[in-house]
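Heads up, the thing below is written out as C-alpha cells.
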Amino acid sequence: MDWSMDCLSLPAMYALTLLPLACPLGDYMYRVFEGERTFLSPLLGPLESLLYRACGVSPGSGMPWTSYAVALLLFHATGFVVLFLLLVTQSWHPLALNPGGAPGMGPALAFNTAVSFVTNTDWQAYGGEREASYASQMFGFTWQNFVSAASAMAVAAALMRGLTRRTRNIGNYWADLTRAVLYILLPLAAALAFVLCSQGVVQNLKPYPAAQTLEGEKQTLAMGPAASQTAIKALGSNGGGFFGANSAHPYENPTPLTNYLQMLAILLIPAGMTVTFGLYAKSASQGRALLCAMMILFLAGASTLCALERNGNPILASLGAEQRDIGNLEGKETRFGAADSALYAAVTTAGACGAVNASHDSFTPLGGLALMLNMALNGVVFGGAGAGMLSILLYAVLTVFIAGLMVGRTPEYLGKKIEAWEMKMAMLAILSAAGFTLAATAISVSAKAGLAGPGNFGPHGLSEILYAATSVTAGNGSAFGGLAAQSAFYNLLLGVCMLAGRFLSLIPMLAIAGSMAGKRPAPQSDGSFPTTGPLFILLLIGVILITGALTYIPAFTLGPIAEHFAMLAGEVF
C-alpha cells in the first residue's frame, strides 16, 4: 500500500462520491421544505395531511421566531419526559421486547440518556445490548433519531428563509418537522436499512441465542432490530450504536461496503443543505462558497489524520515493530485497517455524528487532537443534519461583520444589514459552547468524582475528559473510550452540557432568523463585500480556525500536545 497516496486519495475519493449525491438531494430538500410537489407526494401526501388534521396543524400558517422557538422547546421537553419514563421502566417491558433482561435505568443514567437522544447527541454511557431493551431502542432511541435530526433541519430551513426573504414569519415548525421526517429521513433510512440488511446487519426481534466458542466456552449473541437504527443513526447525524461497540461491531457494520455507506450517509444531508441554501438565496454560488469552505476544512483534517495514523507509534518503531504498511493498528478493526478507520473518525467528528468503528482513545495524540478540533469548531466542518448549516451560516454572519469593520462599512449578508442584535446572538451561540466545554473540563479535573473517570493519568487522562466535554457540547456524542462516564457525576454534568450545546445554539439562530426576516434587502453595490468568491471563502475559513484555536489551544496544549512530546521522549501513560 502506498500510504502517501492513500492519505490523500481516500478523502478525495470520498468527496468525489459524496458531492454527486448531495447536489440532487439539496434540490429535493428545498422543494420539500417549501411544500412543493415531489415524486413522493402521491404516496406520502395523504399521510402528511392526515397528521396535520389529527394534530390540528395548519401548515400554511407561518410563525414568528418566538412561536417557532416555543414549539421546538415544548416538543423536545415532551420527548424527554416520554423517553425518560421508558428507560426507568425497562424492567416492566414484556419479554419479547426485552429478551436481554435489561433493567430499568437509574435516574441519573436515564436523565443523561434521554437528554442525549433528544438533543441529537447520542452520547452513550450504557451498553446498548446489555442495558437497553428492544422497546427502548425502537420506540425511544430510533424515534428520537428521526425527530431530533428533523428538528435541526427545520431550524436550518427557518434560518435560510429569514436570511433570504422579507417576511414576518419564518415558517411553521410542525410542518417543517413533519416534512423532514416523512419526505427526507424516512425514505433515505428505509433504503439504507434495506442495503445494510443485505450485507448482514441484523434486523430481528429474536431472543439472544447461546453459542459455543472454539475454546468450548459459552457465549451469548446479541440480536435485535439493528439495521433500522444504524441507518438513521448515520443519516440523522445521531451516532448512537445499537450495540455497545457501535460500528466496530460486526452485526452493525460487517463489511467494507457498509462501512463506506455509513460514512456517505453521515455527511450526505449536511452537504446537500448547502445546495438548498443556494436555492433559497436564488444564487447557487452562495451555497457553493459555504460548501467549498466546509470541504477544504474536511479534506485538510481527514488527510492529516490519515497521515498521523499512518506514521504509527515511534515507541513501537524504536522497539523494532514495522508499521510502514499497516500504520497504528491499536484500537482498530483489522476488517477496516488504520486508513479506513482514520477516514471514518474524520467523517464522524466532522459530521457531528458520533458513530465510531475504532477506539478513538487509541489514536495517536495528534490524531486525537485532530478529532477534538473537528468538534471544537462548533460542528462547522459539515456538522450535523441541519445543525451544520446553522453553524456555517453563523460563521458567515460573523465573517461579513468582521470584514465590514475592516473596511469601515456596515456589514451586510445577502443584502441585509448585520447589526448589534445579530452579533449578540451569534456570540452567544459560539461562546456558550466553548464556555460549557471548558467549564465542564475544569470541574471534572477539580472534583474527586471527576478524577475517578479517566482510565489513564497525565495528559492522556486530561484528553479523555476534554474529549468527552467537547463531544457532548458539540452534539457529537463519540467518546475516547477510556473515560468511565457511567457515574452520577458525569451523567449529570455531561447532560447539562448537552442541553446547553443544543439549545443555546438553536434558539439564538432562530432569533437571528426572526430579526433578519424583518429587514428589507438592499441591492448589491460596488461597495458590497462579495460572499461568493475565493476571498470570502478564505476569510471564512480563517475566522473559523482562529476562533477555534484561540479558544481551545491552552487546553489542547495541556492534553494531546503535551502527550505527543512525551511520546517522542518515550513516555507512555
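Any read-out appearing in this document is the output of simple, stated calculations on the displayed coordinates, not a laboratory observation. Since the structure is predicted, the reported quantities are computational estimates derived from the model, not experimental observations. Virtual Cβ from ideal backbone geometry, glycine too; neighbours counted across all protein chains shown.
What is the magnitude of the charge dipole of segment 385-568 about its Cα centre, with +1 placed on the Cβ of each Lys and Arg, -1 on the Cβ of each Asp and Glu, and no other charges, expressed in debye to the nearest 20?
Details: 8 positive and 6 negative charges, 83 e Å.
Using only the charged Cβ atoms, the result is roughly 400 debye.
For the residues V118, V88, V147, what sequence is obtained by ranking on other C-beta atoms within 10 Å, fewest first?
Details: V118 26, V88 18, V147 21.
Least crowded to most crowded, the residues run V88, V147, V118.
Pairing rule first: another cysteine's C-beta must sit under 4.7 Å. Under that rule, which cysteines of the chain stay single?
When partners are defined as cysteine Cβ atoms under 4.7 Å apart, the chain leaves C23, C55, C197, C292, C353, C497 without one.
Starting from the Cα of K233, draw a straight line to each of the lysines and keep only those under 29 Å, dropping any in the same chain fewer than 8 residues away.
Straight-distance partners of K233: K206, K332.
Working out 0.36 nm times the residue gap between E322 and K417, then minus their Cα-Cα distance, what length gain in nm do you get to one decimal? Before the final figure, lay out each step's value.
Values: separation 95, 0.36 × 95 = 34.20 nm, distance 5.87 nm.
Stretched out fully, the E322 to K417 stretch lengthens by 28.3 nm.
Could you tell me how far the Cα centroid of segment 1-67 sits from the Cα centroid of segment 546-573, in Å?
Distance between centres, Cα-based: 39 Å.
How many times 2.2 N^0.38 Å is the alpha carbon radius of gyration of the chain? Don't skip to the end; give the middle numbers.
Values: Rg = 22.9 Å, N = 573, 2.2 N^0.38 = 24.6 Å.
Scaled against compact globular proteins, the figure is 0.93.
Show me the three semi-axes of the equivalent ellipsoid for segment 385-568, from the C-alpha gyration tensor (sqrt of 5 times each eigenvalue), largest first, rounded to whole Å.
Semi-axis lengths for segment 385-568 are 37, 19, 11 Å.
Could you please state, rounded to a whole Å, how far the C-alpha centre of segment 498-517 is from the C-alpha centre of segment 377-402?
12
Check cross-link reach from K417 to the lysines: straight Cα distance under 22 Å, and skip same-chain residues fewer than eight apart.
Cα-Cα hits under 22 Å: K282, K519.
What is the Cα centroid distance between segment 404-444 and segment 328-375, reported in whole angstrom?
After rounding, the separation between the Cα centres reads 30 Å.
List every residue whose amide H lies under 5 Å from the amide H of E412, counting only residues 5 or more places away in sequence or on a different chain, with H placed 1.01 Å from N in the peptide plane.
I418, F529
Run the simple label-point estimate for L43 and K424 please: 7 Å along Cα→C-beta, distance reported in nm.
4.8
Using Cβ counts within 10 Å as a stand-in for footprinting exposure, how do E36, E215 rank, fewest first?
Listed from fewest to most nearby Cβ atoms, that is E215, E36.
First measure r as the distance between the Cβ atoms of Q219 and Q524, then evaluate 1/(1 + (r/R0)^6) with R0 = 56 Å and state the FRET efficiency to the nearest 0.05.
The value I calculate is 0.25.
May I ask for the percentage of alpha-carbon pairs in segment 165-275 that lie more than 16 Å from each other?
Values: 3988 of 6105 pairs.
The calculated P(r) of segment 165-275 puts 65 percent of pairs beyond 16 Å.
For segment 1-60, which trypsin sites (Lys or Arg not before Pro) pass both filters: DSSP loop (anything but H, G, I, E, B) and at most 10 other C-beta atoms within 10 Å?
Details: sites: R31, R37, R53; in loops: R37.
Those satisfying the criteria are R37.
What percent does the relative contact order of the chain come to when contacts are Cα pairs within less than 8 Å and at least six residues apart? Before the final figure, lay out each step's value.
Working: 1026 pairs, mean separation 109.5, N = 573.
Relative contact order for the chain comes out at 19 percent.
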